[in-house]
Amino acid sequence: MSLRDLPSVERLLQRAEGGQLLGCYGRPLTLAAIRHALDEARFSLRQGAAVPEDDALLLNARRTLEQWLAPTLVTVINATGVILHTNLGRAPLSRAARQAMLDAAGFSSLEYDLTRGTRGKRDVHAEGLLTRLTGAEAALVVNNNAAAVLLALTALARGKQVLISRSQLVEIGGGFRIPEVMKQSGARLVEVGTTNRTHLEDFESALTDRVALIMRAHHSNFRIVGFTAEPSLAELVDLGRRHGLPVIDDLGSGALLDTSRFGLGHEPTVQESLQAGAALVCFSGDKLLGGPQAGILLGQRALVDRLRRHPLARAVRPDKLCLAALSATLTHYLKDEAEREIPVWQMIAARPEALHQRAQAWAAALGRGEVIPGLSTVGGGSLPEETLPTFLWTLPHRSPNALARTLRQTSPPIIARVEGDRLALDPRTVLPEQDADLLRLLAACLPSA
Ligand SMILES: *Cc1c(COP(=O)(O)O)cnc(C)c1O
């Protein structure tokens with residue numbers, strides 16, 4: 001047996017399977033995969049293995065091609081009970097938002113004025129909806145909320161100072177840190193107050209003519225309890241007015257509906273910030289708004305226009321798919337159908353009785369598992385420590401982590417939770433249209449009863 005006994009690339013391509021690979025994957029990639037298979041065979045030969053059949057070589061090439069092209073971004077079933085799961089893509093979009101993205105994916109009127117037949121502005125698409133919805137004078141959409149904060153600080157406070165309470169120097173998951181964004185923007189951070197208590201006088205005594213902005217950042221993912229104090233937004237606005245300084249409010253999640261109606265704590269709303277007089281409010285599109293990844297800036301026209309004209313605005317602008325999905329999502333709020341149409345709000349509003357019924361239906365369909373009370377969370381850096389009562393379908397198992405791993409390898413993968421010695425699935429976050437897939441995959445994966 002020698003290396004010479006290995007077939008040539010050409011010979012393999014001439015076999016039926018070789019032709020199929022060419023048709024499926026194109027010439028360059030197929031050649032690379034066949035060469036890879038031959039390299040492996042050469043290596044094995046040197047270790048004393050036999051010369052492989054042509055079919056075995058081609059099968060190896062096919063496996064390699066499948067592996068190279070396996071998508072990494074795939075649909076998953078979120079059975080964790082965490083509604084805004086940042087690792088699972090945050091907010092799932094409404095049907096209308098998904099359709100709008102599909103419609104905008106071809107040519108679109110992104111920057112075209114259809115009446116005049118001339119160049120238009122991409123800004124118009126969501127701005128009208130946002131101002132109508134919130135009463136803000138002006139609006140600007142960027143790529144995400146981190147970009148919104150960076151743009152605002154760069155355009156309004158570069159080379160100047162920004163006052164912020166020490167209790168608000170937050171880090172959001174994924175490494176977004178207020179002090180670091182501030183540094184990137186070229187604005188100088190002036191921390192006032194202490195970790196637990198900051199008073200209006202702390203802001204007042206830090207005021208100099210180098211201060212350009214007062215900032216408030218929502219704690220988002222943590223809570224300070226005990227002996228605490230922070231000036232209210234209205235107090236900061238009042239202080240700012242007396243000194244001619246705008247206040248920017250980074251809301252993080254930016255709810256448009258009141259979460260306390262659903263048995264949760266109160267997440268500050270966009271409307272409240274605007275009413276309190278914030279000159280600029282910014283928040284994410286894919287947290288409690290329930291839309292696509294985006295950063296939304298609302299506020300005084302003069303300030304929003306300064307951001308719009310800044311060169312950085314171009315670098316962080318949203319694409320047509322984002323604007324399409326965002327517009328469709330905002331339309332749900334305008335039509336007062338957000339709770340019915342936006343998955344995030346459907347999940348928040350889901351009633352325990354309905355969740356119990358769904359978990360019971362899973363148990364009945366599978367002939368397995370126990371339904372027990374449990375807790376869901378909102379996630380996405382909003383409402384830390386807050387939970388919603390739910391019902392979990394659970395399965396006691398000697399190695400629930402191993403079973404969870406198996407479920408992550410199905411197609412689509414099921415992302416479950418482990419509670420003690422049980423595997424647990426929360427129906428709250430499983431999209432109803434995924435129920436059939438979920439049950440089919442579970443039935444195939446579960447150890448026989
Ligand atoms: C989540 C969050 C951000 C970052 O928003 P992205 O849209 O993820 O970029 C910024 N500030 C606060 C307070 C947040 O909660």
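It is to be established whether one or more residues within region 324-342 are within 16 Å of the ligand (Cβ to nearest atom) and either modelled with pLDDT under 95 or open to solvent by 10 Å² or more (accessible area, probe 1.4 Å) (or both). Looking through region 324-342, none of the residues is within 16 Å of the ligand (Cβ to nearest atom) and either modelled with pLDDT under 95 or open to solvent by 10 Å² or more (accessible area, probe 1.4 Å) (or both).
Selection of helices (runs of 4 or more DSSP H) fully inside region 340-447 by the criterion of at least 2 residues being of a type in the set (A, V, I, L, M) and without any contact (Cβ under 8 Å) to a residue 24 or more places away in the chain returns 352-366, 400-408. Within region 154-187, being modelled with pLDDT under 95, open to solvent by 40 Å² or more (accessible area, probe 1.4 Å) and either farther than 18 Å from residue 229 by Cα or of a type in the set (Gly, Ala, Ser) (or both) holds for 171, 173, 174, 175, 177, 179, 180, 183, 184. Looking across region 89-148 at every residue that is open to solvent by 40 Å² or more (accessible area, probe 1.4 Å) and of a type in the set (Val, Ile, Thr), the one that is modelled with the lowest pLDDT is identified as 124.
Looking only at residues in region 275-290 that are of a type in the set (A, V, I, L, M) and more than 9 Å from residue 249 (Cα to Cα), which one is surrounded by the fewest Cβ atoms within 10 Å (Cβ to Cβ)? Explain how you work it out, then say what you get.
Our first condition is that a residue be of a type in the set (A, V, I, L, M); within region 275-290, this holds for 276, 278-281, 288-289.
Okay, now just the ones that are also more than 9 Å from residue 249 (Cα to Cα), so 276, 288-289.
On the way: 276: 19, 288: 31, 289: 27.
For region 275-290, the residue satisfying everything is 276.
Checked against (1) under 28 Å from residue 133 (Cβ atoms); (2) away from the ligand (no atom under 16 Å from the Cβ); (3) open to solvent by 40 Å² or more (accessible area, probe 1.4 Å); (4) not in a helix (DSSP H, G or I), residue 266 meets all criteria but (2).
Return yes or no: is residue 110 in contact (Cβ under 8 Å) with a residue 40 or more places away in the chain and touching an Asp or Glu at 6+ places or on another chain (Cβ under 9 Å)?
Values: in contact (Cβ under 8 Å) with a residue 40 or more places away in the chain: yes; touching an Asp or Glu at 6+ places or on another chain (Cβ under 9 Å): yes.
When the stated conditions are applied, residue 110 passes them.
If you check 200, 140, 169 for being within 12 Å of residue 216 (Cα to Cα) and more than 10 Å from the ligand (Cβ to nearest atom), only one passes: 169. Answer yes or no as to whether residue 206 is over 26 Å from residue 288 (Cα atoms) and away from the ligand (no atom under 16 Å from the Cβ). For residue 206, the condition - over 26 Å from residue 288 (Cα atoms) and away from the ligand (no atom under 16 Å from the Cβ) - is met. Which of the residues that make up region 332-366 are under 29 Å from residue 446 (Cα atoms) and among the aliphatic types (A, V, I, L, M)? Residues satisfying the conditions are 347, 350, 354, 355, 359, 361, 363, 364, 365, 366. So which residues in region 64-73 are surrounded by 11 or more Cβ atoms within 10 Å (Cβ to Cβ) and over 18 Å from residue 28 (Cβ atoms)? Those that are surrounded by 11 or more Cβ atoms within 10 Å (Cβ to Cβ) and over 18 Å from residue 28 (Cβ atoms): none in region 64-73.
For region 234-263, which residues satisfy the criterion of being within 15 Å of residue 219 (Cα to Cα) and either in contact with a Pro (Cβ under 7 Å, 6 or more places away or on another chain) or away from the ligand (no atom under 12 Å from the Cβ) (or both)? Listed by number, the list holds a single entry, 251. Here residue 47 clears all of (1) open to solvent by 40 Å² or more (accessible area, probe 1.4 Å); (2) within 40 Å of the chain's Cα centre (by Cα) except the condition numbered (2).
Here residue 252 passes the criteria (1) surrounded by fewer than 21 Cβ atoms within 10 Å (Cβ to Cβ); (2) touching a His at 6+ places or on another chain (Cβ under 6 Å); (3) of a type outside the set (D, E, K, R) except the one numbered (1).
Listed by first and then second residue, the pairs linking a residue in region 284-298 that is part of a strand (DSSP E or B) to a residue that is within 9 Å of the ligand (Cβ to nearest atom) and not small (Gly, Ala, Ser), with Cβ atoms under 6 Å apart and 6 or more places separating them unless they lie on different chains, are 284/145; 295/144; 295/145; 296/283; 297/282. Could you list, ordered by first residue, the pairs with Cβ atoms under 6 Å in which the first is in region 169-191 and over 15 Å from residue 312 (Cβ atoms) and among the β-branched types (Val, Ile, Thr) and the second is within 13 Å of the ligand (Cβ to nearest atom) and assigned to a strand (DSSP E or B), at least 6 apart or interchain? Within 6 Å, the pairs are 170/217; 178/217. Restricting to region 414-449, and then to whatever is surrounded by 16 or more Cβ atoms within 10 Å (Cβ to Cβ) and over 19 Å from residue 88 (Cβ atoms), can you tell me which residue is farthest from the chain's Cα centre (by Cα)? Applying the filter and picking the extreme gives 446.
The values are calculated or read from the model by the stated rules, or taken from the named source; none is laboratory data. Computed from a prediction, not measured in an experiment: that's the story for all the values here. Note that we place each Cβ from the backbone using ideal geometry, even for glycine, and neighbour counts take in every protein chain shown. Surface areas here come from the heavy atoms of the whole protein model, side chains and all, with no ligands, DNA or RNA. Shrake-Rupley method; radii C 1.70, N 1.55, O 1.52, S 1.80 Å.
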